[in-house]
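A.B. asks: Pasting a structure here, questions to come.
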Amino acid sequence: MSFHNKLMKTISWSFLLLILTIGNAFAATLEEAKTAGQIGEKQDGYIGLVQNNVPADVVALINDVNAQRKQRYEQIARENGISVEDVAKLAFTRAFENTRSGHFVEASPGQWVRKP
């Protein structure tokens, strides 16, 4: 198995575990915010605001989820000898694959589109 494939497998499992862990605390809220079109998956591997005017609890949710993701990305980067940014970008690939149709993803920085 190539290094890239091994890394993608590690990230896939890690992302799944991260989502499951975060899901226990925020599942309904995260899903509701995505369904409402308030937040989406950014190309940098983090969650971002799609709408400018969202409730404070949605902003807090984004901050919590992104902090947990960053911590996990840093761990994966250390274990694989690569940059956190590279891990986050690879995680976006997985997040995009797992994003439901109709939810927002970042097409380019600051440009949001609904996933078909």
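The values are calculated or read from the model by the stated rules, or taken from the named source; none is laboratory data. What you see is a predicted model; the values in this text were computed from it and never measured. Ideal geometry is used to build each Cβ from the backbone, glycine not excepted, and the neighbour counts take in all protein chains shown.
A.B. asks: Could you please find all residues in region 95-116 being more than 17 Å from Ile39 (Cβ to Cβ) and part of a helix (DSSP H, G or I)?
C.D. replies: Within region 95-116, the first condition is being more than 17 Å from Ile39 (Cβ to Cβ), and the residues that meet it are 97, 108, 116.
Residue satisfying the conditions is Glu97 alone.
A.B. asks: Considering only residues that are outside any loop (DSSP other than H, G, I, E, B) and β-branched (Val, Ile, Thr), look in region 42-68 and name the one that is nearest to Ala107 (Cα to Cα).
C.D. replies: Taking region 42-68 first, the residues outside any loop (DSSP other than H, G, I, E, B) are 47-49, 56-68.
Checking the rest, the ones that are also β-branched (Val, Ile, Thr) come to 47, 58-59, 62, 65.
Working: Ile47: 13, Val58: 22, Val59: 21, Ile62: 19, Val65: 21 Å.
Top of the filtered list is Ile47.
A.B. asks: Looking at region 100-111, which of its residues are over 11 Å from Gln43 (Cβ atoms) and either free of Cβ contacts under 8 Å to residues at least 12 places away in the same chain or in contact with a Gly (Cβ under 8 Å, 6 or more places away or on another chain) (or both)? Outline the logic, then answer.
C.D. replies: Keep residues of region 100-111 that are over 11 Å from Gln43 (Cβ atoms), which gives 100-104.
Listed by number, the residues that qualify are His103, Phe104.
A.B. asks: Tell me, which residue of region 27-41 that is at pLDDT 90 or above and assigned to a helix (DSSP H, G or I) is surrounded by the fewest Cβ atoms within 10 Å (Cβ to Cβ)? Working first, answer last.
C.D. replies: Residues of region 27-41 at pLDDT 90 or above: 32-41.
Remaining after also requiring assigned to a helix (DSSP H, G or I): 32-35.
Numbers: Glu32: 14, Ala33: 25, Lys34: 19, Thr35: 12.
Checking each candidate, the answer is Thr35.
A.B. asks: Let me spell it out: the conditions are (1) modelled with pLDDT under 95; (2) surrounded by fewer than 18 Cβ atoms within 10 Å (Cβ to Cβ); (3) among the charged types (D, E, K, R), and Arg94 meets all of them except one. Which number is the exception?
C.D. replies: It is condition (2) that Arg94 fails.
A.B. asks: Here is a follow-up. Kindly indicate which of Arg100, Arg69, Arg78 is closer than 16 Å to Trp112 by Cβ, at pLDDT 90 or above and of a type in the set (Lys, Arg).
C.D. replies: Values: Arg69 fails: closer than 16 Å to Trp112 by Cβ; Arg78 fails: closer than 16 Å to Trp112 by Cβ.
Of Arg100, Arg69, Arg78, the one residue that is closer than 16 Å to Trp112 by Cβ, at pLDDT 90 or above and of a type in the set (Lys, Arg) is Arg100.
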